[in-house]
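Encoded as structure tokens, here's the structure I'll be asking about.
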Amino acid sequence: MLVDAFEGKIRPVVTGQYRLGDIRHCYADLSEIRSKLKFEPQISLKQGIEEFANWVLSQPLPEDGLDKANEELKKRKMMS
């Protein structure tokens, strides 16, 4: 959905690297909040992702410091 929302301009790159303490697997389950609080989302996941993508595309693009940050984490043995 994210790739579609960004019209294929942004493609995820899975490197297999991670920082110590990162959550590696996560998913959303609304069943408990639905049953206990009767909560229902007001927008769909697809609409929320589209709104998020539009917001991201409206923001100024900061300098990319990912490589520098990853090297620092590796140097400190905080990243595989």
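Just so it is clear, none of the values below were taken in a lab; they were calculated from the coordinates. Bear in mind that the values here come from a model prediction, so they are computed numbers and not experimental data. Neighbour counts run over all protein chains shown; Cβ positions are idealised from the backbone, glycine included.
Could you tell me which of 47, 25, 59 has its Cα farthest along the dipole of the chain towards the positive end, charges placed at Cβ (Lys, Arg +1; Asp, Glu -1), taken about the Cα centre?
25
7 Å from Cα along Cα→Cβ at both residue 1 and residue 33: what's the point-to-point distance in nm?
Result: 1.3 nm between the two label points.
Let me ask something additional. For 7, 72, which order do you get if you count the other beta carbons within 10 Å of each Cβ and list the fewest first? Numbers along the way, then the final one.
Numbers: 7 9, 72 12.
Least crowded to most crowded, the residues run 7, 72.
How many nm separate the modelled label positions at residue 13 and residue 55, each set 7 Å beyond the Cα in the direction of the Cβ?
2.6 nm
Here is a further query. Return 40, 50, 63, 71 ranked ascending by Cβ neighbour count within 10 Å, so the fewest neighbours appear first. Don't jump to the answer; show the numbers that get you there.
On the way: 40 8, 50 17, 63 5, 71 11.
Ordered from fewest to most neighbouring Cβ atoms within 10 Å, 40, 50, 63, 71 come out as 63, 40, 71, 50.
Using the count of nearby Cβ atoms within 10 Å as a rough guide to exposure, how do 43, 23 rank from fewest to most?
Numbers: 43 10, 23 6.
Final ranking by Cβ density, sparse to dense: 23, 43.
Which of the following values of Kirkwood radius over Cα pairs in Å was calculated from the structure shown: (1) 16.2; (2) 15.3; (3) 12.2?
(1)
Grab the DSSP H runs of the chain that are 4 residues or longer, score each as -39,500 (n - 2.57), total them, divide by all residues and round the 222 nm result to the nearest 500 deg cm²/dmol. Write down the numbers at each step before the final one.
Details: 4 runs with 35 residues, N = 80.
My calculation for the chain gives -12000 deg cm²/dmol from helical runs alone.
By how many nm would the segment from residue 75 to residue 23 grow when fully extended, if each residue of separation counts as 0.36 nm and the alpha-carbon distance is taken off?
On the way: separation 52, 0.36 × 52 = 18.72 nm, distance 2.09 nm.
Result for the pair: 16.6 nm of gain on full extension.
Over the chain, what is the mean sequence separation of C-alpha contacts under 8 Å (at least six apart), divided by residue count, expressed as relative contact order in percent?
On the way: 28 pairs, mean separation 40.6, N = 80.
Reported as a whole number, the value is 51 percent.
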